[in-house]
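Please read the structure below before turning to the comments.
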Amino acid sequence: MAPYKMSYENIFEGGYSSFNPQYGAYVGYRLEPGKIGSPTSIQTANQIAEVAARIKEGVKNVELQPISQDVFEQIPEAQMREISALMRLTGVKPSLHAPMIDPAGFGEKGWGGEEARREAERRLLSVVMRSHELDRDGKMPITIHPTAGIPGMEYEAEKQGEDMIFKPKKMIIINKETGQLNPIELEAKYRIGYTKEKLRKGETPSPEEELEIINHSEWAQKLTNMQFYQKEVDEMLGNSPLALKDDFGKEINEELMKSIVQDPEKRESFMRMQKAEGFISHIGASLNSVFERAYKFGTPEQKEELEGISEQYLEAQKKIGRRILGSTLKRRELLDQTISQIAKITEDTPPQLYVPVEDFAMGKASQTLGNVAYGAYKEYKDKAPIISVENIFPGWIFSKSEKLKELIEKSKSQFVDNATKNGMEKKKAEKKADELIGVTWDVGHLNMIRKAGFTEKEIVSETEKIAKLVKHVHMTDNFGFSDSHLPPGMGNVPIRKIMEKLEKEGFSGRTIIEAGGFVQQFKKSPHPFVLSAFGSPIYGMKAQPYWNQMAGTQGNYFASPLAYMPEKHFSIYGGGFSSLPQEVGGVIPGTQSRFSGTANA
């Protein structure tokens, strides 16, 4: 006879399965409630009301998220103080998401120039200074977006052996003179000079190859335009130099002009030369433009050679007299010579007028972020907040781990430069930079690389590359195609593996649950679902039972007993809760409390 096997079937809530520590929507990674936080609404300046609402839900970490610049500017100064007092009273820890301000200085029409970058720096520093009121003890994470929506390199997944690699699909380049952005599709090309086999197949150039072709073409066109004007000058002059050759070198005065006017051939030749003079002046202006571009966007070696050419040009100009007949030809020869010299030194490497927007923004954004971090440190010293830069949507600049890591390192270097110039010892400056500049890792944004064909393996790998720099986490779930803002466990973000990678590298910061999409659609607090998903312990000793075990028990374990009592219970029979506001567990609305959301000083 076969041995008897006992089996259990979970029919009702609170059955056998709920006593299993892995029961429910548990994501496989436990977080204690003290490390879990929730954000406020992004749509209102009445942030104190939002904070009070989060506290009533039992949240121990609240992140203010007035990410619109206009909304942030409408928060009264007194309300910041009131929020700070409320959080201290209830033991809640604050953090802040700064408004969407592009650190590099980009706007709707492209890069706004250095003044736009400086304005972004001033705005962000103002945000940091105002937010310090929330936590005067310091080390409060302030999340800053590395861009306000500037597109960057787009990738698609390509199988290479056992791995998926990031294959560039679309590149965004910037004209450094105008600040304008241009998209470049990295698709198969069919160019003359390809073999028959290559033409049939087509060849997709690398971003570097495509950029080299663009810069070469742009530069060649610039030089060609000047050659066109040179040809026009030759046609205007015709044989006039021969007709006037005997008078070359003479000063143009009244006597010489009489002689020229009396000779029809000389008179015609002189008029031709005067007309050519106008075109030569135009070539000179074009040469200035070409020289400036070559010098501004050339290599250090090219700049050194161009400096020598500039000095030679200056000396030659001094020797050419303006009122000497024949000087027109000498100026033309000087222009020809100078143009040829510039063309020769830029033949192999043209000026880099166009560069990937990410490379351009890297220098500008890191300057801003490093300056903001140092400005806060200079004001508050060891009580300065943490500048935490968030990874953003795939397809935007700095979305990949390598680029975000580079941005952080360059921002730290800017901090160190500022600090050492002001007398701080370099090692101390580097240590402070490590403490005060890091990453907010948004796992929902990261998961969206799935829509380009990537898998869980690449998601975890991206986390591993950045883990040592992570100081703050934005936790949200989705299915890889939209930033759905679901609570953890409701999508396919590999939360357990991500958190384990971060923990392995020493992360012990706060995790803010961004579940605004869930709130909008289902009109309920996500916090109970979050506690369940993370299997948070119910009691302070961090032992069983866990919230995921209790979530399905009979009677709804998450519900307050007050909700089941008659409305008139307290007013008729009295009770300890009858005169307490809702913020601390009572039944009286908090509209008359000190923390009512008003802007009182």
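The values are calculated or read from the model by the stated rules, or taken from the named source; none is laboratory data. Please read these numbers as outputs of a predicted model, since none were measured by experiment. Positions of Cβ are generated from backbone atoms using ideal geometry, with glycine treated the same way; all protein chains shown enter the neighbour counts. For accessibility, only protein heavy atoms count, side chains too; no ligands or nucleic acids. Shrake-Rupley method; radii C 1.70, N 1.55, O 1.52, S 1.80 Å.
Charge dipole of the range 177-267 (Cα centre as origin; +1 on each Lys and Arg Cβ, -1 on each Asp and Glu Cβ, all else neutral): 460 debye, rounded to the nearest 20.
Pairs of lysines in the range 171-233 whose Cα atoms sit within less than 22 Å of one another amount to 4, provided the residues are eight or more positions apart or on different chains. The tail of the calculated P(r) for the range 411-509 beyond 16 Å holds 60 percent of all Cα-Cα pairs. Helix 114-131 and the longest principal axis of the Cα set of the chain meet at an angle near 20°. Once the convex hull of all Cα atoms in the range 273-385 is built, its volume per residue stands at 164 Å³. Relative to the longest principal axis of the Cα atoms of the chain, helix 207-237 runs at roughly 20 degrees. Rounded to the nearest 10 degrees, the angle from helix 77-90 to the longest Cα principal axis of the chain is 40 degrees. Hull volume per residue, based on the alpha-carbon atoms of the range 304-441 and their convex hull, is 190 Å³. Mind putting together the pair-distance distribution for the chain? All Cα pairs, 10 Å bins, whole percent per bin, short to long. With a bin width of 10 Å, the distribution comes to 3, 13, 19, 19, 14, 11, 8, 6, 4, 2, 1, 1, 0, 0.
Straight-line cross-link partners of LYS250 among the lysines, defined as a Cα under 20 Å from its Cα and at least 8 positions apart when in the same chain: LYS258, LYS266, LYS275, LYS318, LYS319, LYS330. Straight Cα distances below 14 angstrom link LYS421 to the aspartates and glutamates GLU430, with same-chain residues fewer than 8 positions distant left out.
Using the Kirkwood formula on the Cα atoms of the range 325-367, what hydrodynamic radius do you get, in angstrom to one decimal?
13.5 Å
Just the number please: accessible area per residue for the chain, 1.4 Å probe, all protein chains included, in Å². Dividing the accessible area of the chain by its residue count gives 52 Å².
Between the amide H of SER484 and those of PHE479, distances stay under 5 Å, these residues lying 5 or more places away or on another chain, with hydrogens modeled in the peptide plane. Looking at the chain alone, DSSP beta bridges between its own residues are antiparallel in about 45 percent of cases.
As a fraction of the 1.4 Å probe accessible area of the chain, surface on carbon and sulfur atoms comes out at 51 percent. Evaluated over the Cα positions of the range 109-251, the convex hull gives a direction-averaged projected area, one quarter of its surface, of 20.7 nm².
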